[in-house]
Structure formats: structure tokens, C-alpha cells
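The values are calculated or read from the model by the stated rules, or taken from the named source; none is laboratory data. Keep in mind it's a predicted model, so treat the numbers as computed, not measured. Cβ coordinates were reconstructed from backbone atoms using ideal geometry, including for glycine residues, and neighbour counts include every protein chain displayed.
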Amino acid sequence: MRVGLYSDDLYPEGQVGTGGPKYVYYLLRELPKLGVDVVRLHKGEDPADVDVLHDPHAPWNAPLRPRRPLVITVHDLTPFTHKRYYGWWPRTLYARKLRYVAGRARRILADSRRTRDVLESLLRPRVPVDVVPLGVEDRFRILPVDPPERPFVLQVGIHRRIKEPMATLRAFEAIADRIPHDLRFVGGPIGYGDELKAYAASRPALPERVRVYWPGEDGIPALYNQTDLVVHPCPEEGFGFVPLEALACGAHVLARAAAVRETLGPHGCYFEDDRELPAKILECLAHSPSASREERSRHARQYTFRAMAEATARTYSAAAT
């Protein structure tokens, strides 16, 4: 089978990244191992010499009138479900374009049952929606690491407002005098790092206990292995790489999104509302998870990119017939 895959989401210097870029990276790595001939496409290209077109970050890449059967991946529908994080024009454009592209797709992929259910409720597509979970990279595992100089709580991902780093920071501020932990935010140069630093600097109890930095992709697994708690306050995820990768390292994870509950199952801790977050952090720090680190890691590592690619290839075959 020959598949045209829109790959403009890839990081330009070869980094794996997260979210959409990581998804595309592993499709390109795993599909050829299954005998799928992958043709990299740029946005809007519409070749006739492929069996299937795949837009892995719908609705932004596919041509308006595709000449070949189209598969799209919908990761989440937050412009529909969490409008306050988006301006009027971005969410309106997204909604209109997604409705249009979904109406021309032969098959739709979703990262989780949560995304499928929301998609079917909002758009009522006329074609099947296949749930294909994503995977965990091999580097996310239990590692022999030195304990940190000071215990810390960790949030990874501060590049978008929906990741809600300020919710974590305010919750930490409310309980800082009751715990010995520092708070670390890990994220690249794009995002809310400066806002977090400014807020921490303005509060008497925080400047020496809040750190915002980027250790590089290779530094994140060690942090997951060292931290006492990973906090993931994002209210909606299509899949949730960060919580699952943290769990694969044996970390204690506190999260909010429904899709994350789906993947972590009984091995995660959860909260519903930002107002609960200070108390939930205290509760998680006071009580270890019921499962061992090894059991948590084993659960997370059952999600593989090979299985993702195999299921995706089956969707391609169904779309092409």
C-alpha cells in the first residue's frame, strides 16, 4: 500500500517533540516496517499515485477536494469543548474546516474513546471512527537516578494556555508552607515561562522554590524518575503523552482530562476542578499509589507505537476498499 502522509508538523531539526509532531514521527518510523510505502506530503498536495491520503492533524493539511480516499486524525476537539482557550476566529475556522474535511473523509482516526465520543456527538460523521491509541517511547522507563537535592513536584508542558500551568502554580502557592517540595515547570522557549517566573518572583514564598526551565528531550525521563508527583491540570487531551510517559517511568501522576483517565486507569490520581488541586496535591504526596512503580510502568508501556501503526494500517486498508 502507498500512503500520502502530510508531514509538515515534523520538527525541522529532527527532534521528536510532542503532540502532533511526535505522532507523525512515529508513523513515519513504524509504517514502513509493516510494508506501507509512505510518501511525505506538504500541506494541500493532492497526488493521484497513492492509495490513501492521511491528514494526521486534521483539518489543516488535506486538499479541499482530495482525489484519493482520505483518512483524517482528530486528536481532540478543544475549540468546541473548551472555547475560552481560543479566540473567536481560530475556533470558528477550526470548526468550519473540520466539519468540511470530516464530510469528505473515508475514515476517521481518534486517539481515545473520549475523542471519538465527543466527535460523534458534535459532528455526527457518516463514516466509521476508529480508536487508535498512541504509544510510549522506549526511553520512558524506570531508571537508576540519584535522588534530587530537594524533593519536587513537576509539570511538563507549558506551551499552551490550556495546559494550565498557572493553576498548578497557584495550587502550590496555597500549600507551599505545608510541604518541603519545590515546584518545577519544564517546557521549551515558547509558552508561559516568563509569566510563571514573573508571578513567582512577585510572591514572597515562591522565588526560591519555583523553577522554569528546559532540560532537553533527553532530560525528561530522569525528572519523571526523581519527582514525587507529576501534575497535569490540562482539562482536555486527545490522548495525553505526558501523563502516560510519566507513568512509564513509575511516577505518581495527578491528572484531570478524561482521555488521561482512560489510559492511566486505576494507576493515576484525578481531580475535577482547579479548586480541588491544592488538596489533591497534598493527598497524593501523603499517600503512595496502590500499585508499585513497576506495575505502573508496565501498564503504561503496553501502549506502543508499533501497535498504533498496525491499527493505522488496518484503517488505511479499510479506507482504500
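Observations on the model:
- Residue-level analysis places GLY265 among those that are part of a helix (DSSP H, G or I) and not β-branched (Val, Ile, Thr).
- When the residues of the range 281-311 are filtered to those that are without any contact (Cβ under 8 Å) to a residue 40 or more places away in the chain, within 24 Å of GLU164 (Cβ to Cβ) and not in a loop (DSSP other than H, G, I, E, B), the one that is nearest to the chain's Cα centre (by Cα) is GLU283.
- Any chance GLU237 is in the same structural domain as PHE185 (by TED's automatic domain parsing), of a type in the set (Asp, Glu), under 18 Å from GLU137 (Cβ atoms) and crowded, with 21+ Cβ neighbours inside 10 Å: yes
- Single residue of VAL50, VAL101 found to be in contact (Cβ under 8 Å) with a residue 12 or more places away in the chain and in a helix (DSSP H, G or I): VAL101
- Among the conditions (1) without any contact (Cβ under 8 Å) to a residue 40 or more places away in the chain; (2) charged (D, E, K, R); (3) not in a loop (DSSP other than H, G, I, E, B), ARG67 misses just one, which is (3).
- Residues that are assigned to a loop (DSSP other than H, G, I, E, B) and among the charged types (D, E, K, R), drawn from the range 120-148: ARG124, ARG126, GLU137, ASP138, ARG139, ARG141, ASP146
- Annotation note: of VAL253, VAL260, VAL242, the sole residue that is in contact with a Leu (Cβ under 6 Å, 6 or more places away or on another chain), within 20 Å of ARG160 (Cβ to Cβ) and among the hydrophobic types (A, V, I, L, M, F, W, C) is VAL253.
- Elements of type strands (runs of 3 or more DSSP E) contained in the range 176-255, each with 2 or more residues being aliphatic (A, V, I, L, M) and closer than 30 Å to PHE80 by Cβ: 229-232, 253-255
- Residues located in the range 33-47, provided they are more than 19 Å from LEU109 (Cα to Cα) and part of a helix (DSSP H, G or I): LYS33
- Test: residue in the range 1-9 that is surrounded by fewer than 17 Cβ atoms within 10 Å (Cβ to Cβ) and closer than 21 Å to ARG106 by Cβ: yes
- Residue list for the range 123-146, restricted to those being more than 21 Å from the chain's Cα centre (by Cα) and surrounded by 15 or more Cβ atoms within 10 Å (Cβ to Cβ): LEU123, PRO125, VAL127
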